[in-house]
Each structure stands twice: as structure tokens, then as C-alpha cells.
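In what follows, a single structure is set out as C-alpha cells and then discussed.
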Amino acid sequence: MTMNSKLMVGNWKMNGSLAANASLLSEISSGLRETSCRVAVCVPALYLAQAQNLLAGSLVAWGAQDVSTHESGAYTGEVSANMLRDFAVRYAIVGHSERRQYHGETDDVVATKAQRALAAGITPIVCVGESLAEREAGQTEAVVKRQLAAVIHANGHCISEIVVAYEPVWAIGTGLTASPEQAQSVHAVLRAQLQAATAQADRVSILYGGSMNAANAASLLAQPDVDGGLIGGASLKAPDFLSMLKAASR
Ligand code: PEP
């Protein structure tokens, strides 16, 4: 368990438009009165300027969905951590399973991305999680520990500044959710790994992600080591997202 309030992060993935974002953000902002958790939205990089304009001074932080492993230079199409900082980005998701799967990101690449974010004063949200085949083969614990170990190894001195998101790959966008007990047992493993790496492991929020929605959020968030959520699909619907923020505010 962390000392912090719960952290709820929307991952918009490759969705949105100027018009749709404006109305989603205004609906979210106007529903925040009944919430006390920490909130952020991770938007496509092109919309960070819009998020900054619309959210400056609000309780909603904004973040990116990825960051380059490189500082600057001949890396066509990439976005650096310093560029993200120019737009006052608080968080950057790194190692999302869609990046690992479709863009070949290895544990080492993810560790370097976390390092770049931290060096720019941005909190990396480090995603770890097993595939269905890995779970069925009894490898869940080994896989998430290997993924987190790479990030700890590269960032040992400031590891208490990261956020971790446990996202079982089989639960992302599938409508299948880890049970609260399944989530808690993996979160406890990750917490113990962080405790072995830093005396300040209690500062690290460990989020659950994978088909979290308005109906299942409360029971997941009630687990002692579930410190919040990383929410894809349900973060695009203001009423659903707001109801999850309320569940995280109890
Ligand atoms: C995600 O993309 O991080 C995610 C958890 O997606 P969804 O909530 O749609 O499963």
C-alpha cells in the first residue's frame, strides 16, 4: 500500500480529435468535485498542447503514451523526453504491451525509456504483464519480475520515483479482467521486488490495468496493493471514467 491517494490514469491510445478531446476533457473536469484521487490522461503526443491548454490549473494531469530512448537527433518520427517536458507533461507510459508487441520493445528499451523520462523530470508509468500463454504456463511471476528488474537495474537510484502498472496482456481491451485476488497477488510480488530495491517502495503507486471499468473498479481498488488504475477503453467515456474516479476516492 502507498501513502498516496489512488492514482487513476486514462490511456487514450490512438483515439480522439480536437473536438472530441475538448468535450471529453470538459465533461471530466466538471465532474471532479466529488473526487479526491489523483487523475491523469495520457493523450496522443499531437494533443499534448491541447491538453496543456485545457487542463492547466485543473486537477487533471496530462501525460504521453511513449517516449524516445534517444535524447535528440536523427530519429525520424520520435518524440524526446525534453520535448514532452516542454508541454509540462507529468507522466509518460513506457513499455505498454502494445508497444512491446507491435514495436518490438524489449525490457532494455523500456528501461532506457524510463531513464529518459526520469532525467527530464517526468514520471514513467512502467507497464508489465504476462500473456495468456505465460499465465497458463505458470510464468506470470517470473515474467513481471524480469520486466520490472530491467527498469530497477537501469534506474536504481531513483526507482521510488516511478509508477508501475500491472497489465496482464490477456486482459487489455478484451473485456476479461484479472480477479481482485489475481491482481493483488501479482501486485504483492511487485511491491516486494520494489522493497528489495529501495527503502522508499511505499512511495511507488502500483496500478492495475486491463479492462477496468465502472462495474469492476471498486473491487480491484479495494485490494491493499492496488494503488490505482490504468484505464484504456473506459477512459474515453466521461461518465464511466468519472464513476471510476469516484470509486478511487473512497
Ligand atoms: C490499457 O491500454 O492500458 C488498458 C488497460 O486498456 P483497456 O482498459 O481498454 O483494457
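The values are calculated or read from the model by the stated rules, or taken from the named source; none is laboratory data. Since the structure is predicted, the reported quantities are computational estimates derived from the model, not experimental observations. Cβ atoms come from the backbone with ideal geometry, glycine included; neighbour counts cover every protein chain shown. To get the accessible areas, we keep the full protein, side chains included, count just its heavy atoms, and leave off ligands, DNA and RNA. Shrake-Rupley method; radii C 1.70, N 1.55, O 1.52, S 1.80 Å.
Can you pull out every residue in the range 33-57 that is at pLDDT below 95 and open to solvent by less than 50 Å² (accessible area, probe 1.4 Å)? The answer is 35, and nothing else. Within the range 234-241, one or more residues are open to solvent by 10 Å² or more (accessible area, probe 1.4 Å) and more than 15 Å from the ligand (Cβ to nearest atom). For the range 193-215, the set of residues classified as away from the ligand (no atom under 14 Å from the Cβ) and either on the phi > 0 side of the Ramachandran plot or of a type in the set (Ser, Thr, Tyr) (or both) consists of 198, 205, listed by residue number.
Return only the number of the condition from (1) closer than 18 Å to residue 36 by Cα; (2) modelled with pLDDT of 95 or more that residue 250 does not satisfy. All conditions pass for residue 250, except number (2). Of the strands (runs of 3 or more DSSP E) contained entirely in the range 121-228, those carrying at least 1 residues that are in contact with a strand residue (DSSP E or B) (Cβ under 8 Å, 6 or more places away or on another chain) and of a type in the set (S, T, N, Q) fall at 123-128. In the list 144, 169, 189, which residue meets the criterion of being open to solvent by less than 10 Å² (accessible area, probe 1.4 Å), of a type in the set (Val, Ile, Thr) and farther than 19 Å from residue 38 by Cα? One residue alone meets the criteria, 144. Examine the range 69-91 for a residue that is touching a residue at least 12 places away in the same chain (Cβ under 8 Å) and within 16 Å of the ligand (Cβ to nearest atom), and state whether such a residue exists. Within the range 69-91, one or more residues are touching a residue at least 12 places away in the same chain (Cβ under 8 Å) and within 16 Å of the ligand (Cβ to nearest atom). On the stretch given as the range 114-154, residues that are of a type in the set (Lys, Arg) and more than 28 Å from residue 176 (Cα to Cα) total 1. Taken over the range 73-106, the criterion of being surrounded by 23 or more Cβ atoms within 10 Å (Cβ to Cβ), in contact with a helix residue (DSSP H, G or I) (Cβ under 8 Å, 6 or more places away or on another chain) and part of a loop (DSSP other than H, G, I, E, B) is satisfied by 89, 95.
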